[in-house]
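The values are calculated or read from the model by the stated rules, or taken from the named source; none is laboratory data. Remember, it's a predicted structure, so these values are computed and weren't measured experimentally. As a convention, Cβ positions derive from the backbone with ideal geometry for all residues, glycine included, and neighbour counts pool all protein chains shown.
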Ligand code: GDP
Ligand code: IMO
Ligand code: MG
């Protein structure tokens, strides 16, 4: 019995949600676990033409016979979670998975969002309060679900944090030289009103706890129980390898550990028998700032954006698009110990001729096959490409690898050979049914 981790190999939005939703049923997993990130994630699942976008809910939530878990490594905005559950119930009724939330998970509080919106601009963050919430977790001053065990305890923590955060926000506003009009937009008087925060957050968490489909408790123990009773667990990464706080293109990263290490620290459970699948888009995209060597600024880039519908699931921002970069996939293989690749959005490449794949970076006279995570180095590289003839056919209806156009198969085989990891799943359309198991 093998558990499974599904991890983004590039800069996010590879199709992790789709692959999770697909494999959870096909491979008979009992639980789907988010182990890091927050509602900066936007994971899309399309079933029978109906689109579902998840931010905090694990992408197994549409399967009523499963349990979805939010691990301690996830940061939770209870307002967003409540809305996501409400919207889901409106769409599918109560026919969705149960939800189990770690009592150790930290909450995104209003002051975190304010701080992100003042300071997150130069990274191009999602503005959801992610960086400040993780900062405070590490600084040992976060607010967790534990703090909601007792109202007095919760009120005390909010009061302490508000005093500190009001000072910090004033300092930030002055040092970032924010004009008055923009300060007014932050509506600080309302947003940072003590009584409002206490009432609102207490009620939100109480409602979550009172929901019969939700439980708050110890995630490590729950997962251990599933493991003991031979129930398979799927770990769904959010963000991706190059957005990892330690291994990504720092400082243009998120503030959590999307790579494999996050599974252990973000759940309190060590899966002994684990398969790791890296999700890779057949080209590359990035949202936000930071170097991107294979980025395209021409018609091909526009075509990828248009055909691939490359607009952020969370913020709606247009995604930057470029060629596939194998130095990145190789890097992701090493960091996550990939056993397989799920190659997504292959259909988007139909009609592009020729296709290019980055196989190395040229620095001076030297060719380097390794990715360069230092952003200074990365911004200076010249990319070495290999060209491939494209294919014209629409491949969305193909269900067998052998039935793909020959040039398409050559493109996939080259990736497999060069990265040294088998492509186990191909996704050739947004819908759950549009895939090929290799
Ligand atoms: P995630 O954050 O990794 O879960 O990915 P997102 O959901 O943010 O972005 C992936 C987008 O591509 C979504 O709009 C999906 O519906 C869509 N998608 C996923 N797989 C495919 C595919 O194979 N082909 C096409 N055309 N779209 C896909
Ligand atoms: P999924 O799970 C793509 C990017 C932001 C920004 C940087 C830091 O859908 O793949 P943050 O708000 O996390 O502090 O922003 O990280 N980013 C993502 N890009 N997909 C995501 O999630 C992302 N989550 C964060 O655009 O550049
Ligand atoms: Mg996404």
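Couple of notes before you dig in:
Conditions tested, residue by residue: (1) within 16 Å of ligand 1 (Cβ to nearest atom); (2) surrounded by fewer than 21 Cβ atoms within 10 Å (Cβ to Cβ).
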position	(1), (2)
62	yes, no
72	no, no
92	no, yes
121	no, yes
127	no, yes
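- Looking only at segment 259-294, residues that are part of a loop (DSSP other than H, G, I, E, B) and either without any contact (Cβ under 8 Å) to a residue 40 or more places away in the chain or over 25 Å from residue 324 (Cα atoms) (or both) come to 8 in all.
- Subset of segment 129-141 that is over 18 Å from residue 173 (Cβ atoms) and within 16 Å of ligand 2 (Cβ to nearest atom) - its residue that is surrounded by the fewest Cβ atoms within 10 Å (Cβ to Cβ): 138
- Filter result for residue 293 (in contact with a helix residue (DSSP H, G or I) (Cβ under 8 Å, 6 or more places away or on another chain) and surrounded by fewer than 19 Cβ atoms within 10 Å (Cβ to Cβ)): no
- Within segment 170-186, if we keep just the residues that are touching a helix residue (DSSP H, G or I) at 6+ places or on another chain (Cβ under 9 Å) and assigned to a loop (DSSP other than H, G, I, E, B), the residue that is surrounded by the fewest Cβ atoms within 10 Å (Cβ to Cβ) turns out to be 176.
- Given (1) in a helix (DSSP H, G or I); (2) more than 11 Å from ligand 3 (Cβ to nearest atom); (3) closer than 28 Å to residue 245 by Cβ, index of the condition residue 6 fails: (1)
- Enumeration of residues in segment 231-247 that are farther than 19 Å from residue 39 by Cα and within 17 Å of the chain's Cα centre (by Cα): 234, 246, 247
This table checks each residue for (1) within 16 Å of ligand 3 (Cβ to nearest atom); (2) within 18 Å of the chain's Cα centre (by Cα); (3) over 28 Å from residue 420 (Cβ atoms).
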residue	(1), (2), (3)
305	yes, no, yes
311	yes, yes, yes
318	yes, yes, yes
326	no, no, no
335	no, yes, no
339	no, no, no
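- The single residue among 91, 115 that is touching a helix residue (DSSP H, G or I) at 6+ places or on another chain (Cβ under 9 Å) and assigned to a helix (DSSP H, G or I) turns out to be 115.
- Residue in segment 59-80 that is closer than 22 Å to residue 281 by Cα, touching a helix residue (DSSP H, G or I) at 6+ places or on another chain (Cβ under 8 Å) and modelled with pLDDT of 95 or more present: yes
- Tally, over segment 233-258, of residues that are assigned to a loop (DSSP other than H, G, I, E, B), within 16 Å of ligand 3 (Cβ to nearest atom) and within 17 Å of residue 334 (Cα to Cα): 5
- Subset of segment 250-284 (residues that are within 18 Å of residue 379 (Cβ to Cβ) and crowded, with 24+ Cβ neighbours inside 10 Å): 253, 284
- Tallying residues that are crowded, with 23+ Cβ neighbours inside 10 Å and outside any loop (DSSP other than H, G, I, E, B) within segment 336-346 yields 6.
- Selection within segment 306-333 - away from ligand 1 (no atom under 15 Å from the Cβ), over 17 Å from residue 289 (Cα atoms) and not in a helix (DSSP H, G or I): 323, 325
- Of all residues in segment 165-197, those being free of Cβ contacts under 8 Å to residues at least 24 places away in the same chain and more than 13 Å from residue 109 (Cα to Cα) number 17.
- From 263, 279, residue being closer than 19 Å to residue 24 by Cα and within 15 Å of ligand 3 (Cβ to nearest atom): 279
- Residue among 386, 400 that alone is surrounded by fewer than 17 Cβ atoms within 10 Å (Cβ to Cβ), within 24 Å of residue 305 (Cβ to Cβ) and either at pLDDT 95 or above or not assigned by TED's automatic domain parsing to the domain that holds residue 249 (or both): 386
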